[in-house]
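To keep things clear, I will list the structure first and then write my remarks on it.
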Amino acid sequence: MRQAQRKKEKDKIAVALMLAFCVIALTSIFTIKSNIEKINNSGGELPVSDSTSTQDVTGEAEKQAPPPDVTAGETVPDTAETSTDISVIDSAEPKETDQTGRIFINPVRDDDAYITNEYSMDSLIYSVTLDQYMTHCGIDIEAPEDTQVVAAADGTVTAVYEDGRFGTSVEITHDNGFITVYSNLSTNEIVETGDVVTAGTIIGGVGMSGLTESLEPAHLHLEMLKDGVYVNPADYIRF
């Protein structure tokens with residue numbers, strides 16, 4: 001009799017434990033389900049930190065962007081030495097003319113000087129230094145190193161600089177839209193930007209400072225521009 005009563009008590013405890021377990025399990029299931037529904041209803045959005053807009057970033061990049069690169073191998077004269085505020089002398093009376101109307105003198109003070117490379121913008125000529133055919137925007141006048149180089153006409157020195165291709169250079173601006181550029185010089189310390197010169201004024205010496213013509217004998221690389229366009233110096237100078 002007592003054994004039967006004990007068995008019934010054990011069964012009641014077991015049923016009570018089972019019910020308690022079921023209650024706990026159901027509670028856990030409902031809790032998990034509720035959390036899942038909250039996540040689904042949130043649309044999967046997660047909090048993110050504030051960041052600068054694309055427009056702001058682009059604007060900042062534009063402010064800090066460096067100026068456009070220069071063509072490879074070229075050097076631009078120092079802007080401090082080529083100020084457009086520099087006055088240019090007018091030479092109403094050319095120092096030298098001839099029957100062809102030439103108004104410039106030979107800038108190399110040597111009777112034995114001669115042209116080794118002609119002006120050639122419409123066809124290619126061979127470059128000994130670069131070992132390739134290329135155009136040539138001036139003429140090369142060969143003479144012994146340090147032979148005097150003079151201004152070809154009256155004008156104003158508007159640039160004194162080192163050119164990456166043609167070396168030590170002096171630029172003179174004349175009247176009537178002409179500019180002469182004397183490169184591959186042995187020195188440019190004789191004149192300064194802003195100096196007013198006359199035809200025959202010494203501005204430098206024949207040299208070998210140009211990298212792109214360094215394998216050639218000492219010579220003056222002479223360029224001439226008319227209204228900003230390269231022209232053949234031989235059309236205006238009697239060599």
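Considering the stretch 130-153 alone, what residues qualify as being among the β-branched types (Val, Ile, Thr) and either within 30 Å of Glu192 (Cβ to Cβ) or surrounded by 14 or more Cβ atoms within 10 Å (Cβ to Cβ) (or both)? Selection gives Ile139, Ile141, Thr147, Val149, Val150.
Only strands (runs of 3 or more DSSP E) whose full extent lies in the stretch 141-239 are considered here, and the ones with at least 2 residues that are among the charged types (D, E, K, R) are 155-163, 219-226. Determine whether the stretch 125-141 contains at least one residue that is acidic (Asp, Glu) and touching a Leu at 6+ places or on another chain (Cβ under 8 Å). Scanning the stretch 125-141 turns up at least one residue that is acidic (Asp, Glu) and touching a Leu at 6+ places or on another chain (Cβ under 8 Å). Give me a count of the residues in the stretch 114-136 that are in contact (Cβ under 8 Å) with a residue 60 or more places away in the chain and part of a loop (DSSP other than H, G, I, E, B). Adding up the residues that qualify gives 5. Of the set (1) more than 22 Å from the chain's Cα centre (by Cα); (2) on the phi < 0 side of the Ramachandran plot, all apply to Asn184 but (2).
Throughout, read-outs are computed from the coordinates displayed, never taken from laboratory work. Note that the structure is predicted; figures quoted are calculated from it, not measured. Note that each Cβ is placed from the backbone with ideal geometry, even for glycine, and that neighbours are counted across all protein chains shown.
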